[in-house]
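One structure coming up, written as structure tokens, with questions to follow.
The values are calculated or read from the model by the stated rules, or taken from the named source; none is laboratory data. Bear in mind the structure is a predicted one, so any value in this text is a computation, not a measurement. No Cβ is skipped: glycine too gets one built from the backbone with ideal geometry, and neighbour counts run over all protein chains shown.
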Amino acid sequence: MRDHVWTVGAVIDQVNALLESGFSGISVEGEITSVTRSARGHLYFSLKDGEAQLDCVAWASAARRLRFDLEDGLAVEATGSLTVYRARGRFQLVVTRIEPQGLGALQLAFEQMKRRLEVEGLFSAERKRQLPAVPQRIGIVTSGEGAALRDMLKVLRRHANIEVVVVPVTVQGKVAASEIAIALAQLCASNLVDVVILGRGGGSLEDLWAFNEEKVARAVADCAIPVITGVGHEVDFTIADFVADVRAATPTQAAEILVTRLEESQGRAEDARARLGWELRRHLQAARARMVAVEGSAGLARVPHRVEVARLRLAVADRLPLLLEELARSARHRLLSAASVLRRFPGLVAAGGHRPLVDSRAEQLATLIRGHVDHARTAVASRERALQHLSPRRVLDRGYSITTLEGRTLPLRDAAGLRAGQALVTTLSEGTVRSLVVKCPGGGVSTRSSLPGPSKQGTLFDDGGSNDEENESGDGGL
Amino acid sequence: MTKKTKAETVDSDERFEDQLERLEDIVGRLEDDSVGLEQALDLFEQGMGLAGKCRSRLERVEQRVSRLLEDGTTEEMEVETS
């Protein structure tokens with residue numbers, strides 16, 4: 001018996017008609033495998049479960065709508081219609097929609113993007129730049145209408161030295177990613193700002209989606225200026241957050257971070273400035289204290305005299321050791337010669353009975369030495385006196401002079417008792433000068449025509465000096 | 001991915017950091033008691049110079065909010081801060 005004979009085309013069409021009525025718009029779940037994409041953008045893949053496999057195709061128009069990438073092993077739910085592809089006779093599911101199983105499509109897309117960019121190195125810590133120490137010029141990319149901008153400006157305006165440049169953008173929907181990317185590029189190129197805040201208020205994963213898109217991620221990565229993101233709420237992490245140099249939990253926090261940084265730099269500078277002043281004051285005070293300790297007040301006036309006394313003492317002290325050494329040497333010499341004498345008469349010593357002789361000799365030596373020491377001491381003492389006596393001579397050598405009334409020996413110190421016409425003798429280091437008083441504090445002109453005689457008081461130099469001629473003047477001597 | 005280029009602003013920022021660090025270093029040296037008065041005065045002068053530069057840098061910018069236009073210029077922007 002012969003049944004109806006089909007042509008190839010006809011039988012396929014018939015099957016397709018049957019499929020259309022029963023298998024249009026069905027959902028099939030399975031695991032993705034063997035994914036390929038044609039030059040035109042059509043996606044070919046297979047769905048399989050344990051034992052069976054079904055070829056699938058998503059035409060370019062549907063493939064474009066996919067939010068995530070089809071990966072081998074991904075469990076999905078595909079919606080479409082079963083057909084037989086006429087030209088090849090291939091039984092396939094023409095897919096119009098695919099949803100991942102388990103994760104939402106967006107979440108999966110997020111995971112995939114994150115993984116991809118991380119592998120590329122866009123999130124690495126080495127890439128991240130430090131926020132500027134002085135963030136005075138701040139760029140903001142955000143919605144022109146939202147609360148985020150208002151909140152950020154409220155924070156930034158607290159600081160007197162901050163300039164803000166805003167680029168308003170759409171922050172959700174189809175065009176958002178492009179606008180954000182362009183805005184970032186503009187700000188970076190403008191050279192008007194030191195740092196950029198990329199901000200957006202809170203929303204769903206869908207709302208924030210633009211900040212997960214590759215375009216925005218790459219714009220943040222390419223920005224030459226540090227970018228700080230403040231997107232959504234505390235818990236929201238977007239791809240842009242991972243790429244950014246710094247992530248803030250919210251837009252407001254991003255602004256806070258920058259203000260704090262600026263205030264820190266200011267604080268450091270002011271602090272250092274203040275400390276400079278304190279430290280210098282401290283050094284000055286220490287120096288002043290040292291000077292006062294050395295000078296004293298009245299001490300300053302007496303320095304020459306004190307130096308003189310000290311110098312004398314030093315001179316004497318210098319001589320004493322020399323004298324004592326001389327003494328010791330001569331004593332030693334005597335002992336040695338005594339010893340050599342004793343050696344010449346060994347019998348004397350051995351006899352023992354001559355111990356007293358040796359003893360008395362030693363006794364004599366000791367007395368001799370004592371005598372020498374006493375003599376030396378006296379000599380030193382007298383020299384000391386002499387030195388002291390001589391000191392005025394040293395004063396003269398220094399250029400001072402000593403003035404006395406003619407015939408007197410006591411140096412004049414007070415001009416008050418002088419009268420005009422009196423004769424003065426001035427002793428210099430070399431020579432003397434005789435002069436007459438022209439004018440003195442007392443005023444007055446002397447009526448005396450004869451000069452007063454020498455005074456009763458001792459002379460300056462112990463030369464047995466002149467003495468007691470009566471003082472005619474009766475002015476009580478000087 | 002394009003290579004990043006240093007903006008002018010980064011250089012001047014580094015200069016500030018550098019000046020601030022040198023200033024703090026000078027203060028540290030001044031804290032040493034053994035420094036003589038002459039040297040202390042010298043350090044003080046240097047430090048004040050740096051402090052002056054830091055201060056003027058920080059006061060260089062005045063408060064202003066503007067919008068960036070497409071042609072790259074800016075215009076003053078009014079935003080309510082309610």
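Just checking, how many residues over the range A:160-191 are crowded, with 19+ Cβ neighbours inside 10 Å and within 38 Å of the chain's Cα centre (by Cα)?
Qualifying residue count, the range A:160-191: 8.
Then there is this: Taking only the range B:41-56 into account, find how many residues are more than 7 Å from chain A (Cβ to nearest Cβ) and within 16 Å of A:I162 (Cα to Cα).
1
Kindly list the number of the only condition in (1) in contact with a helix residue (DSSP H, G or I) (Cβ under 8 Å, 6 or more places away or on another chain); (2) facing chain B (nearest Cβ under 9 Å); (3) crowded, with 18+ Cβ neighbours inside 10 Å that fails for A:M113.
(2)
A follow-up question, please. How about the range B:64-73: which of its residues are within 7 Å of chain A (Cβ to nearest Cβ) and at pLDDT below 85? I'd like the intermediate steps shown before the answer.
Within the range B:64-73, the first condition is being within 7 Å of chain A (Cβ to nearest Cβ), and the residues that meet it are B:64-68, B:72.
If the condition is that a residue be within 7 Å of chain A (Cβ to nearest Cβ) and at pLDDT below 85, then B:G72 is the only one that fits.
Quick one: how many residues across the range A:6-37 are assigned to a helix (DSSP H, G or I) and out of contact with any strand residue (DSSP E or B) (no Cβ under 8 Å at 6 or more places or on another chain)? Spell out how you get there, then give the answer.
Taking the range A:6-37 and keeping what is assigned to a helix (DSSP H, G or I), we get A:8-22.
If we keep only those that are out of contact with any strand residue (DSSP E or B) (no Cβ under 8 Å at 6 or more places or on another chain) too, we end up with A:8-11, A:13-14, A:17-18, A:21-22.
Result for the range A:6-37: 10.
The conditions are (1) within 13 Å of another protein chain (Cβ to nearest Cβ); (2) crowded, with 21+ Cβ neighbours inside 10 Å, and A:D222 fails exactly one of them. Which is it?
Every condition holds for A:D222 apart from (2).
Could you list all residues from the range A:141-164 that are at the interface with another protein chain (Cβ under 9 Å from one of its Cβ atoms) and either outside any helix (DSSP H, G or I) or among the hydroxyl-bearing types (S, T, Y) (or both)? Give the derivation first.
Step one: of the range A:141-164, the residues at the interface with another protein chain (Cβ under 9 Å from one of its Cβ atoms) are A:144, A:149-151, A:153-154, A:156-157, A:159-164.
Residues satisfying the conditions are A:G144, A:R157, A:H159, A:A160, A:N161, A:I162, A:E163, A:V164.
Follow-up. When both residues are 6+ apart or on different chains and their Cβ atoms are under 6 Å apart, which pairs have a first residue that lies in the range A:62-76 and is part of a loop (DSSP other than H, G, I, E, B), and a second that is of a type in the set (S, T, N, Q)?
Final answer for the pair search is A:F68/A:Q112; A:D69/A:Q112; A:D72/A:T33.
For residues that are surrounded by 16 or more Cβ atoms within 10 Å (Cβ to Cβ) and closer than 14 Å to A:A62 by Cβ, scanning just the range A:98-107, find the one that is nearest to the chain's Cα centre (by Cα).
The residue in question is A:E99.
Taking the range A:186-215, which residues are assigned to a helix (DSSP H, G or I), within 14 Å of another protein chain (Cβ to nearest Cβ) and not polar (S, T, N, Q)? Please lay out each step first, then the result.
Kept after step one, since they are assigned to a helix (DSSP H, G or I), are these residues of the range A:186-215: A:186-190, A:209-212, A:214-215.
Within this subset, residues satisfying the condition of being within 14 Å of another protein chain (Cβ to nearest Cβ) are A:186-190, A:214-215.
A:L187, A:C188, A:A189, A:E214, A:K215 - these are the residues of the range A:186-215 that are assigned to a helix (DSSP H, G or I), within 14 Å of another protein chain (Cβ to nearest Cβ) and not polar (S, T, N, Q).
How many residues, within the range B:29-40, are facing chain A (nearest Cβ under 8 Å), outside any loop (DSSP other than H, G, I, E, B) and either touching a residue at least 12 places away in the same chain (Cβ under 8 Å) or farther than 14 Å from A:G277 by Cβ (or both)?
We begin by selecting, within the range B:29-40, every residue facing chain A (nearest Cβ under 8 Å); these are B:30-31, B:33, B:35, B:37, B:40.
Going one step further and asking which of them are outside any loop (DSSP other than H, G, I, E, B), we end up with B:30, B:37, B:40.
Narrowing the set further to residues that are either touching a residue at least 12 places away in the same chain (Cβ under 8 Å) or farther than 14 Å from A:G277 by Cβ (or both) leaves B:30, B:37.
Of the residues in that region, 2 qualify.
While we're on this one: Of the numbered conditions (1) part of a helix (DSSP H, G or I); (2) more than 14 Å from chain B (Cβ to nearest Cβ); (3) surrounded by 13 or more Cβ atoms within 10 Å (Cβ to Cβ), A:G277 satisfies every one except a single condition; which is it?
Tallying (1) part of a helix (DSSP H, G or I); (2) more than 14 Å from chain B (Cβ to nearest Cβ); (3) surrounded by 13 or more Cβ atoms within 10 Å (Cβ to Cβ), A:G277 fails exactly one: (2).
Okay, next question. I need a count of the residues in the range A:181-214 that are within 14 Å of A:V141 (Cα to Cα) and either in contact with a helix residue (DSSP H, G or I) (Cβ under 7 Å, 6 or more places away or on another chain) or charged (D, E, K, R) (or both).
Qualifying residue count for the region: 14.
Also: Which condition number in (1) out of contact with any Gly (no Cβ under 6 Å at 6 or more places or on another chain); (2) assigned to a loop (DSSP other than H, G, I, E, B); (3) more than 10 Å from chain B (Cβ to nearest Cβ); (4) in contact (Cβ under 8 Å) with a residue 24 or more places away in the chain is the one that A:V235 fails?
In the conditions (1) out of contact with any Gly (no Cβ under 6 Å at 6 or more places or on another chain); (2) assigned to a loop (DSSP other than H, G, I, E, B); (3) more than 10 Å from chain B (Cβ to nearest Cβ); (4) in contact (Cβ under 8 Å) with a residue 24 or more places away in the chain, A:V235 misses (4) alone.
Condition check ((1) surrounded by 16 or more Cβ atoms within 10 Å (Cβ to Cβ); (2) over 30 Å from A:E206 (Cβ atoms)) across all residues:
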residue	(1), (2)
A:V5	no, yes
A:L19	yes, yes
A:I32	yes, no
A:A52	no, yes
A:G89	no, yes
